[in-house]
Amino acid sequence: MFKKIAIFLEMIKIEHTLFALPFAFMGAVLGSVIVTGNLPSWPQIGWILLAMVGARSAAFGFNRMIDRVIDGKNPRTAGRAIPAGLLKSSEVVIFIIVSLVLLFWASFKLSPLAFKLFPLAFFMLVFYSYTKRFTWLCHIVLGLTIGLAPLGAWVAVTGQIDLTATVLYLTIAFWTAGFDVIYACQDIDFDQNEGVYSIPARFGVAGALNIARAFHVITAIGFIVLFFIADLSWWYLAGMIISYIILFYEHYIVSPKDLSRLQTAFFTMNGVLSTVVFAFTLIDLVVRQY
């Protein structure tokens, strides 16, 4: 049983929760303080956490099911649970259903608007996995999907969507799209040979890295806009500056001629960035409260 659980956790890349979860909590605390004047309650945080677990688990389950044939052909992904025969398709389907029920229930408990937006979240979770079959804009679709984490958390505690929530959503969407483009560079040969759409396959590694930089410039601008429209203080500003340094370093360590540190740029740097921005935003808002 424990071995099977470990296989499921590996399938959904539980360690990648470090990417999206801090920004989801950032959306919750920022929205709650701006709209209600108070930090979110612990029950709200708990339901947001469960919603995130359900959404991410369902998203990865859908992706692994939909891409199982492509994954089996790619040497880098052939060892994944489904193509390697470690999990049956029926087991993954049950896992997806349970994950969606968890997301559905958490949305219902959080707010009426969050519950009404459940169909949109469901559509995006499924739609993303098909986009690599017909458009190199698949990275942006992934960003718009992952960006639902902070937006959904904002909606969960405020029951509304405003300009600040929209800016946060787009900022995280382009941050995600940028690092996903970098990550996709390792599959450029396979994608080109198999007709899989991606920005690296369309524009080459050098062009893809330039596009990733452009996406992250949009992210940097978004952080600045948030600083002003959310009336944040120097605590957030300090975290924002650190995030800029991380983004710069992420792009510094990868180049068209050297992708050896791609995993560091993708996983380590982005996990640190999301945690830093959330931590300094939280400190800022707590100081504002007291």
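The values are calculated or read from the model by the stated rules, or taken from the named source; none is laboratory data. In this text the structure is predicted, and so the values were computed from the model without any measurement. So basically every Cβ, Gly included, is an ideal-geometry build from the backbone, and we count neighbours across all protein chains shown. We work out accessible area using only protein heavy atoms, side chains counted, and drop any ligands, DNA or RNA first. Shrake-Rupley method; radii C 1.70, N 1.55, O 1.52, S 1.80 Å.
Against the empirical 2.2 N^0.38 Å (N residues), the stretch 1-129 has a Cα radius of gyration ratio of 1.17.
When every Cα-Cα distance of the stretch 93-241 is counted in 5 angstrom steps from zero, the calculated P(r) takes the values 2, 9, 15, 17, 16, 15, 13, 9, 4, 0 percent.
Here the chain is treated with +1 on each Lys and Arg Cβ and -1 on each Asp and Glu Cβ, and its dipole about the Cα centre works out to around 560 debye. Residues in the stretch 266-272 carry Karplus couplings, in order, of 6, 8, 4, 5, 6, x, 5 Hz; the curve used is 6.51 cos²θ - 1.76 cosθ + 1.60 with θ = phi - 60°, and Gly or Pro positions show x. Each label point was placed 7 Å from the Cα along the Cα-to-Cβ direction; for T264 and F127 their separation is 3.8 nm.
Only sites in a loop by DSSP and with at most 15 other Cβ atoms within 10 Å count here; which trypsin sites (Lys or Arg not before Pro) in the stretch 50-88 make the cut? Answer in residue order: R76, K88.
For T77, no residue 5 or more places off, or on another chain, has a built amide H under 5 Å of its own.
Carbon-plus-sulfur accessible fraction, the stretch 29-149 (probe radius 1.4 Å, protein heavy atoms only): 74%. For semi-axes √(5λ) of the Cα gyration tensor in Å, pick the label among (i) 30, 25, 15; (ii) 31, 20, 18; (iii) 38, 21, 16 that corresponds to the value derived from the coordinates. Structure-derived value, by its label: (i).
In the chain, with Lys and Arg counted as +1 and Asp and Glu as -1 at Cβ, which of these residues, F190, A156, S233, has the Cα nearest the positive end of the dipole, that is, farthest along it? Positive-end residue among those listed: F190. Springs between alpha-carbon atoms under 10 Å, Gaussian network over the chain: tell me which of T158, T264, T176 tops the mean-square fluctuations. Evaluated over the chain, the most mobile residue of the options is T264. Filter K109/K132; K88/K132; K3/K116 down to the pairs with a C-alpha to C-alpha distance above 28 Å, please. In this structure, K109/K132; K3/K116 lie more than 28 Å apart at Cα.
For the stretch 165-283, the percent of C-alpha pairs falling in each 5 Å distance bin, counted from 0 to the bin holding the largest distance, reads 2, 12, 22, 22, 17, 11, 8, 5, 2, 1. Applying the Karplus relation 6.51 cos²θ - 1.76 cosθ + 1.60 with θ = phi - 60° to the stretch 151-157 yields 3J(HN,Hα) values of 5, x, 5, 4, 4, 4, 9 Hz, where x marks Gly and Pro. For the chain, the solvent-accessible area with a 1.4 angstrom probe is 46 square angstrom per residue.
If Rh is defined by the Kirkwood formula over all Cα pairs and Rg also comes from Cα, what ratio Rg/Rh do you get for the stretch 151-201?
1.25
Accessible area of the stretch 218-290 with a 1.4 Å probe: how many percent of it is carbon plus sulfur? It would help to have the intermediate numbers written out before the result.
Working: 2760 of 3750 Å².
Summing carbon and sulfur atoms, their accessible area is 74 percent of the total for the stretch 218-290.
Ranking L86, G37, M11 by how far each Cα lies toward the positive end of the dipole of the stretch 11-170 (charges on Cβ) leaves L86 at the top.
So what's the back-of-envelope 222 nm ellipticity for the chain, counting only DSSP H runs of four-plus at -39500 (n - 2.57) apiece and dividing by all residues, rounded to 500?
Numbers: 14 runs with 222 residues, N = 290.
So the helix-based figure for the chain works out to -25500 deg cm²/dmol.
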